[in-house]
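Participant: Take this structure first; my questions come after.
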Amino acid sequence: MLPMMPNNEFEAQAEALVAKTKRYLITMMGRVFTEANVDEVYRAVSYAFREEIMINWLASFLSYQKRDSRILYYISMEYLPGRILSNNITNLKAHDLIRFLLQRMNRTYYDVIEREQDPGLGNGGLGRLASCFLDSLATKNYPVQAYGLRYQYGIFEQQLLDGGQIEAPDLWLINENPWEFRRDLRKKLVKFCGQMEMGENIHGDEIYKLSGHEEVWALPYDYPIVGYNQDNRYSVVTLRLWSTKESPRNFKLQSYNAGNFDQAAENTALTDVLYPSDHHDVGKRTRLKQEFLLVSASIQDIIRRYLEGHENFRLFADKVRIQINDTHPTLIIAELIRILTKRYDIPWKMAVEITEQCLGYTNHTILKEALEQWDQELMNYLLPRQMRVIERLNQEFCDKVRLKYPGDEGKIHRMSIIENGQVRMANLSIIGSHRVNGVSAMHTEILKNQVFKDFHEMFPEKFVNVTNGVTQRRWLLDANHRLAHLITKRIGDGWITDFEQIRKFADWAGDSDTKQELLLIKMKNKLQLIEHLKRRKEQQDEKRLEERREKSAELPLLDPHSLFDVQVKRIHEYKRQVLNLLHIIMLWQEMSENSEHRRVRRTAIFAGKAAAGYKIAKNIIRLISAVARKINSENGPLKVLFIENYNVSLAENVIPAADLSEQISTAGMEASGTGNMKFTINGALTIGTEDGANIEMREQVGNAWWPFSFGSSSEEVERVRREGTYNPHEVYQMHPKIRKALDTLYNKTFAGNEVEHEEFSALFHSIMDIQYGRVPDYYLILKDLPDYYEAQKKVEELFCNKDQWAEYVIHNIAGMGAFSTDVSIENYCKRVWGLEKSPIIPEILERVQHEYYVHEKFDIY
Ligand code: 26Q
């Protein structure tokens, strides 16, 4: 689709699109457009639109093939693409066309866009990062294919009942999905369990034959990921998601007939649900099977594709790059070695070298409870052959360590893949990869100096940093049209594909008109959010009425002039939603005592899901709701809101409306954060700790324009934990205001019943007492609260001077050039993948276009 075209050409195009949409309504849905409902219109528009996309999709693929490009395979258990239609419209610059089309069909843009269910195939940051990468890789014309799982149910839908979280299934596939293509031809067989019979390959390496095993078919569904259209040669890359659902042979009829219904359906159900826990290893058998399913099907597909263009494996290590998104797909290391030695008779040593050359591993967390470990017994049972490979790898690795550090048994215990009957996936990942990266400068340093110290000492060259980013196309251009427009008016549109250019926006920091416009845009975005929340509530209440449940809590009256203070992210102790809440309680207490005391009106907004089994996190949600209930009932200058069911689409509405971004994790614990970047490019200022990418953001913006930094440094955190010198009781005793706020957690200020009283008391105790062998206030909430309180005072001062506030905002936006995923992937290309661009070859595009249009001529229409 041509973005800049003369009027008559635009009209011709738009009319053709209208005709095509109407045709789809007839041929796919059996409806004329005057009778179609909005779901059908959404689908027909998507079908019409995707025809264009498929031409470039095919041409992208054929171009990689023609060049025999090195290809990156990105493997992740999670993706959070967000709504696809709206993003495709933005990336193809087709807004005007679509508006024309919808006007003709008597529909409004948002009604249609919002029919699309958000694909919630991930938990949070890690999944969203994968999707931002795909947008950037496609836009920058890098040859890539991504693999994941097509969960029938994504991350649960969060509902609030009496202020507590209830999990409802996420029915994202309830309607036909116009963005997926089932590829029966590419299905793969995956094997579990069984008995092994030892043999040898031609080099005498041990290999194993399997019998009596289980077989599961993995069926792929392909999703086109569209790059930004710069010259009509935009690339489209493939996200291939495996499913076990639709293969009838996965159902074990014999088990069923014997009455074992669960067993019979175990394999058809393998891709049913996403494990809804982040930062916590679940150790469940089905999760391990899911991980291996992804790995086995993907590596078979990678090898098949390589062998389509090559006769032997000589060039494999040159043509293939595999990036694993955290340790979840680590078994690909064992499986690739196994296949190379067994199926293709490659000597063990060479197979190991090839594998290491191809692989890169990204670590996303240093929390101990999130580092994956699998029971050796379970692995032996489910994956006996892969386990033999891991054992041999481990044996040889431990020999090397002994040779290098004779007598240092401690090293072996720390570095060995298998220890105490557990298989440590991070160790396997490091040993089997040629690059290991952290996701912010600080995080990578912690990996090198603490978590993986021994490995770094032994292989310093393996460790590199690649700081995360976000795609400015979804998170600014698409989510915040108004601000995007203002920026383009001032500095041109180069920033859309070259975010470093955003720096030029700083030239406007002293310009009154720009600042006024900026403030006006923020006001409009807040009003839009308020409208959005009202609409959402109406829809919810309708649904609840149908289900005969009670209405949700009333929306308080929201004041768009108030400071929108926002913390939206997964609920986790280390992210410290409780720190934020304690400060809100302090403010409320001060305002109640003296109404003149604080001038700034404030709307504190929270949203986020808690892992289903994470008790304390669920208590936090209930506490926020209870505080909101009480404070909002007084109709004062302070409002508290917990918005249900945080997801990408809600983020796109909330973030552009934020004044203040809460990034307040305990220093050293948030690997990077990416919400922090999304808020800043949308014109919020950050109140934040010196953690993850906050540090680099501060450096880029400049200390002078980053006034609300607070809290203990990571070194300080490390020191007090090591020395055990921090005692929350001291803070409690020394600060009457803090004590008074904290006391509300057990003195029934907010608790409406006994259950709440117990839950809030549990939170109190998690801060004040030893819990499960952990020191009191492990996350140092009270330690940082006084400083946080002072930083919040500065926020209010600055917020009173709107003109100055706007100046800070402009400098913050202008400092974000380094935090585009366009930059992150360039760094991966240089430091990890050695990948070269492979844009569509014009002749190939023409050929595909020609074939497509010839067909058009034969339409009886
Ligand atoms: C592990 C084992 C079993 C089941 C689930 C898991 C699991 C799943 C998801 C463990 C961790 C995750 C997710 C981690 C995550 O999202 N980390 C975040 O990654 C972002 C992108 O790099 C960073 O910005 C965040 O700082 C980091 O918390």
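Participant: If R₀ is 30 angstrom, what is the calculated FRET efficiency for the pair residue 66 and residue 344, using the beta carbon separation as r and rounding to 0.05?
Facilitator: Once the sixth-power term is evaluated, E becomes 0.75.
Participant: Still on this model: Under a cut-off of 24 Å between alpha-carbon atoms, report the lysines in cross-link reach of residue 615, not counting same-chain residues fewer than 8 places apart.
Facilitator: Those lysines meeting the cut-off are 284, 368, 569, 575, 630, 748, 783.
Participant: Moving on. Find the accessible area per residue for the stretch 451-594; the probe is 1.4 Å, ligands and nucleic acids are left out, and the unit is Å².
Facilitator: Values: 6190 Å² over 144 residues.
I get 43 Å² per residue for this part.
Participant: How big is the dipole moment of the stretch 221-314 about its Cα centre under a simple scheme where the beta carbon of each Lys and Arg is +1, that of each Asp and Glu is -1, and everything else is neutral? Debye, nearest 20, please.
Facilitator: With only Lys, Arg, Asp and Glu charged at Cβ, the dipole is about 200 debye.
Participant: Additional query: Identify, among 366, 213, 481, the residue whose Cα sits farthest towards the positive end of the charge dipole of the chain, taking +1 on the Cβ of Lys and Arg and -1 on the Cβ of Asp and Glu, with the dipole about the Cα centre.
Facilitator: The residue sitting most towards the positive pole is 213.
Participant: Here is a follow-up. Roughly how many Å² is the accessible area per residue of the stretch 227-312, as a whole number, for a 1.4 Å probe?
Facilitator: 42
Participant: Could I ask something else about it? Projecting each Cα onto the charge dipole of the chain (Lys/Arg +1, Asp/Glu -1 at the beta carbon, about the Cα centre), which of 829, 420, 638 comes out farthest on the positive side?
Facilitator: Farthest along the dipole direction, towards plus: 829.
Participant: How many nm separate the modelled label positions at residue 770 and residue 280, each set 7 Å beyond the Cα in the direction of the Cβ?
Facilitator: Here the answer is 2.3 nm between the modelled labels.
Participant: Divide by every residue of the chain the summed helix terms, -39500 (n - 2.57) for each DSSP H run of at least 4, and state the resulting mean residue ellipticity at 222 nm, rounded to the nearest 500 deg cm²/dmol. Display every interim value, and only then the final one.
Facilitator: Values: 33 runs with 411 residues, N = 861.
That comes out to -15000 deg cm²/dmol.
Participant: Need the full-extension length gain, residue 527 to residue 176, defined as separation in residues times 0.36 nm minus the C-alpha distance. One decimal, nm.
Facilitator: Full-extension gain reported as 123.0 nm.
Participant: Let me ask another. PRE reach from residue 369 (point 7 Å along Cα→Cβ): which of the stretch 616-658 fall under 17 Å by backbone N?
Facilitator: Answer for this model: 616-622.
Participant: Find the accessible area per residue for the stretch 360-407; the probe is 1.4 Å, ligands and nucleic acids are left out, and the unit is Å². Please list the in-between numbers first.
Facilitator: Values: 2190 Å² over 48 residues.
Heavy-atom accessible area per residue stands at 46 Å².
Participant: OK, next. Provide the gained length on full extension for the span residue 830 to residue 537, in nm with one decimal, where the gain is 0.36 nm per separating residue minus the Cα-Cα distance.
Facilitator: On the way: separation 293, 0.36 × 293 = 105.48 nm, distance 4.74 nm.
Using 0.36 nm per residue and subtracting the Cα-Cα distance, I get 100.7 nm.
Participant: Next question, about the same structure. Can you figure out the FRET efficiency of residue 557 with residue 796, using R₀ = 25 Å and their beta-carbon distance, to the nearest 0.05?
Facilitator: On the way: r = 21 Å, r/R0 = 0.84.
Efficiency, from the Cβ-Cβ distance: 0.75.
Participant: How large a share of the accessible area of the chain, in percent, is made up of carbon and sulfur atoms when the probe is 1.4 Å and the other protein chains stay in place?
Facilitator: Roughly 50 percent of what the probe reaches on the chain is carbon or sulfur.
Participant: Let me know the whole percent of all Cα-Cα pairs from the stretch 50-148 that are separated by more than 23 Å.
Facilitator: When every Cα pair of the stretch 50-148 is considered, 38 percent fall beyond 23 Å.
Participant: Still on this model: Assuming 0.36 nm per residue, please report the length gained on full extension of the stretch residue 598 to residue 7 beyond their Cα-Cα distance.
Facilitator: Length gained, residue 598 through residue 7: 207.2 nm.
Participant: Separation between the residue 409 and residue 357 pseudo-spin-labels, each 7 Å from Cα along Cα→Cβ, expressed in nm?
Facilitator: Here the modelled spin labels are 3.9 nm apart.
Participant: Dipole size in debye (nearest 20) for the chain around its Cα centre, Lys and Arg Cβ +1, Asp and Glu Cβ -1? Could the numbers behind the result be given before it?
Facilitator: Working: 111 positive and 120 negative charges, 169 e Å.
Around 820 debye, computed over the chain.
Participant: Picking from 703, 71, 606, whose Cα lies most toward the positive end of the charge dipole for the chain (charges on Cβ: Lys, Arg +1; Asp, Glu -1)?
Facilitator: Going by the Cα projections, it comes out as 71.
Participant: Can you figure out the FRET efficiency of residue 256 with residue 196, using R₀ = 30 Å and their beta-carbon distance, to the nearest 0.05?
Facilitator: E(calc), rounded to 0.05, equals 0.60.
Participant: Divide, for the stretch 430-478, the radius of gyration over alpha carbons by 2.2 N^0.38 Å, where N is the residue count.
Facilitator: 1.46
Participant: Another one. Treating only the Cβ of Lys, Arg, Asp and Glu as charged (+1, +1, -1, -1), what charge dipole size does the stretch 261-374 show about its Cα centre? Round to the nearest 20 debye.
Facilitator: Roughly 320 debye for the stretch 261-374.
Participant: Hey, what's the per residue convex hull volume over the C-alpha atoms of the chain, in cubic angstrom?
Facilitator: Given the Cα convex hull of the chain, per-residue volume reads 179 Å³.
Participant: When the solvent-accessible surface of protein heavy atoms is calculated with a 1.4 angstrom probe, in what order do 311, 517, 758, 409 fall, highest first? Don't skip to the answer; put the middle values down first.
Facilitator: Details: 311 180, 517 60, 758 125, 409 85 Å².
So, going from the largest accessible area down, we get 311, 758, 409, 517.
Participant: Over the chain, what relative contact order in percent results from Cα pairs under 8 Å that are six or more residues apart?
Facilitator: Computed value for the chain: 14 percent relative contact order.
The values are calculated or read from the model by the stated rules, or taken from the named source; none is laboratory data. Keep in mind that this is a model prediction, so the values were computed, not measured. Virtual Cβ from ideal backbone geometry, glycine too; neighbours counted across all protein chains shown. For accessibility, only protein heavy atoms count, side chains too; no ligands or nucleic acids. Shrake-Rupley method; radii C 1.70, N 1.55, O 1.52, S 1.80 Å.
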